[in-house]
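I have placed the structure first, in the form of structure tokens, so that the comments after it can refer back to it.
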Amino acid sequence: MKFKVYIPARYASTRLPGKSLLVVQNKSLIQHVYERALASGASEVVIATDDQRVEAVARDFGAIVCLTSPAHLSGSDRIAEAVVARGEPADTIIVNLQGDEPSMPASVIRQVAALVGATDAADIGTVCEPFDTELDWRDPNQVKVVRREDTRALYFSRAPIPYPRELSEFSWSADGQYRRHVGIYSYSVETLLWFVAKPPHPLESSEKLEQLRALAQGARIAVPDAVAECGVGIDTPADLVRWQRALMSGSTA
């Protein structure tokens, strides 16, 4: 199936400013992400950024770049400006690979694209994976998801959910309750433009999670388990260190 990958890259990250241009193993973070996207077999990979420094670096390594407004609240809002500017047809499948996911396997990018490209059961596709530790589950920088039996999303939160009333019952059993949401989405251009036309929802504003705007408007979000380990998303200096160590050990997880 055909799909395109758009990578939103905001320079002024709150927790790690300028992270798109941080250099690890002689490549900027945004180039690591871009190369992951190319490996997926996408028909086109586009970087959507609000900053001329990111634009310049991305053009230097050969990327297609669309310069966007710095006012966008989310990556999906930024991508929406770019797809309109580039005249993408309404039925084009777009994978939103966030610019801080340098370990994303190509197989997961293709998996996410297929969630909306091969079925009408979902408006938006994304994935999740099990938490490794209780500490990660409690970390507000790691987003949690709870799902229906058919893997459609019920809710996303930075809080530890589902929360066992009796903590003595807490365990990492294989019942699938404790899942980390991975920062990747797919949607058609039509769905994307519908989504971003909606005003920010109070849940989105509170949790700072863009997917809650779509969920609150009734969007069907498919969240199966990822087909491969997705590795480290770079949100904080600690994440950066963990990713660097993984690269040095020969693992991207």
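The values are calculated or read from the model by the stated rules, or taken from the named source; none is laboratory data. What you are looking at is a predicted structure, and each value in this text was computed from that prediction instead of being measured. When we count neighbours, we look across all protein chains shown, and the Cβ atoms used for this are built from the backbone with ideal geometry, even at glycine.
Can you spot a residue in the stretch 31-45 that is polar (S, T, N, Q), touching a Phe, Trp or Tyr at 6+ places or on another chain (Cβ under 6 Å) and part of a helix (DSSP H, G or I)? Break it down stepwise before answering.
First pass over the stretch 31-45, keeping only residues polar (S, T, N, Q): 31, 40, 43.
Filter again for touching a Phe, Trp or Tyr at 6+ places or on another chain (Cβ under 6 Å), leaving 31.
If we keep only those that are part of a helix (DSSP H, G or I) as well, we get 31.
Yes, there is a match, as at least one residue in the stretch 31-45 is polar (S, T, N, Q), touching a Phe, Trp or Tyr at 6+ places or on another chain (Cβ under 6 Å) and part of a helix (DSSP H, G or I).
Do we have any residue at all in the stretch 240-249 that's at pLDDT 95 or above, farther than 30 Å from Glu88 by Cβ and surrounded by fewer than 15 Cβ atoms within 10 Å (Cβ to Cβ)?
If we filter the stretch 240-249 for residues that are at pLDDT 95 or above, which is where we start, we get none.
No: the stretch 240-249 contains no residue that is at pLDDT 95 or above, farther than 30 Å from Glu88 by Cβ and surrounded by fewer than 15 Cβ atoms within 10 Å (Cβ to Cβ).
If I filter the stretch 28-59 down to residues being more than 17 Å from the chain's Cα centre (by Cα) and free of Cβ contacts under 8 Å to residues at least 24 places away in the same chain, which single residue comes out as surrounded by the most Cβ atoms within 10 Å (Cβ to Cβ)?
Checked the stretch 28-59; the qualifying residue surrounded by the most Cβ atoms within 10 Å (Cβ to Cβ) is Glu55.
Among what's in the stretch 170-195 and is in a helix (DSSP H, G or I) and modelled with pLDDT of 95 or more, pick the residue that is surrounded by the fewest Cβ atoms within 10 Å (Cβ to Cβ). It would help to see each step written out before you state the result.
First, pick out the residues of the stretch 170-195 that are in a helix (DSSP H, G or I): 189-195.
From what's left, modelled with pLDDT of 95 or more: 189-194.
Working: Val189: 20, Glu190: 13, Thr191: 20, Leu192: 27, Leu193: 16, Trp194: 16.
Per the criteria, the residue is Glu190.
Output the residue which, of all residues in the stretch 93-132 that are hydroxyl-bearing (Ser, Thr, Tyr) and touching a residue at least 24 places away in the same chain (Cβ under 8 Å), is surrounded by the most Cβ atoms within 10 Å (Cβ to Cβ). Working first, answer last.
Let us first name the residues in the stretch 93-132 that are hydroxyl-bearing (Ser, Thr, Tyr), namely 103, 107, 119, 126.
With the extra rule that they be touching a residue at least 24 places away in the same chain (Cβ under 8 Å), the set shrinks to 103, 107, 126.
On the way: Ser103: 20, Ser107: 13, Thr126: 24.
Residue satisfying both the conditions and the ranking: Thr126.
Go through Glu134, Glu129 for me and flag whichever is more than 20 Å from Leu215 (Cα to Cα) and among the charged types (D, E, K, R). Let's see the steps before the verdict.
On the way: Glu129 fails: more than 20 Å from Leu215 (Cα to Cα).
Result: Glu134 is the single residue among Glu134, Glu129 that is more than 20 Å from Leu215 (Cα to Cα) and among the charged types (D, E, K, R).
Tell me, yes or no, whether the stretch 76-84 has at least one residue that is free of Cβ contacts under 8 Å to residues at least 24 places away in the same chain and either under 18 Å from Gly231 (Cα atoms) or surrounded by fewer than 20 Cβ atoms within 10 Å (Cβ to Cβ) (or both). Steps first, answer last, please.
Taking the stretch 76-84 first, the residues free of Cβ contacts under 8 Å to residues at least 24 places away in the same chain are none.
No; the residues of the stretch 76-84 include none that is free of Cβ contacts under 8 Å to residues at least 24 places away in the same chain and either under 18 Å from Gly231 (Cα atoms) or surrounded by fewer than 20 Cβ atoms within 10 Å (Cβ to Cβ) (or both).
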